[in-house]
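The structure under discussion appears below in the form of structure tokens.
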Amino acid sequence: MMRAGCLVGVALAVCSLAACGAGGSKASSAAGSSGSSAGPGSSSSSAASNGPARGTAFCVDAKTQVPSSTPQAGVDALNKMAVEAPTAVRADVTAIASAYAALTTAEAAAGSDTAKQAAVQQTATADQTSLAPASARVDAWIKANC
């Protein structure tokens, strides 16, 4: 039962990768981030320098990935997206994928130990906070380029 609640913090960052291209509007993007966090390297002009094949595969996955039924499927999907990510957001996608993989491993290791579960939940909450800017940059890139 712990699995569903334990990864909530990072799952929100992960879900932004899956949901932002699937029907979100540019208006909803402005409501979700400050805009200034995207930085100059995140503009649509950077898409050409990242190669169309890499950006296209990333865009397809960003629009079609849905929250995974198992943590390992989520790890696999995020790792695939990190490889496909354009240069402008590759570090951000990789950071999100790495944090999610680490939390998945920690959650499995915690088992039914409530103290370990609580520690994993604290880590998930901290990761959500620290990954919010990365998630916002990825979301902005997808909305501008996909």
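What FRET efficiency comes out for A119 versus T87 if R0 is 30 angstrom and r is the Cβ-Cβ distance? Round to the nearest 0.05.
Between A119 and T87 the formula returns 0.30.
How much net charge surrounds Q122 when only other residues with a Cβ under 13 Å from its Cβ are counted (Lys, Arg +1; Asp, Glu -1)?
-1
I need the phi-derived Karplus couplings for the range 134-139: 6.51 cos²θ - 1.76 cosθ + 1.60, θ = phi - 60°, integer Hz, Gly and Pro marked x.
Taking θ as phi minus 60°, the curve returns 5, 4, 5, 5, 5, 4 Hz for the range 134-139.
Every read-out reported here was derived from the displayed coordinates using simple, explicitly stated rules and does not represent laboratory data. It should be emphasised that the depicted structure is a prediction, and the values quoted were computed from it without experimental measurement. For neighbour counting, all protein chains shown are included, and Cβ atoms are generated from backbone atoms with ideal geometry for every residue, glycine included.
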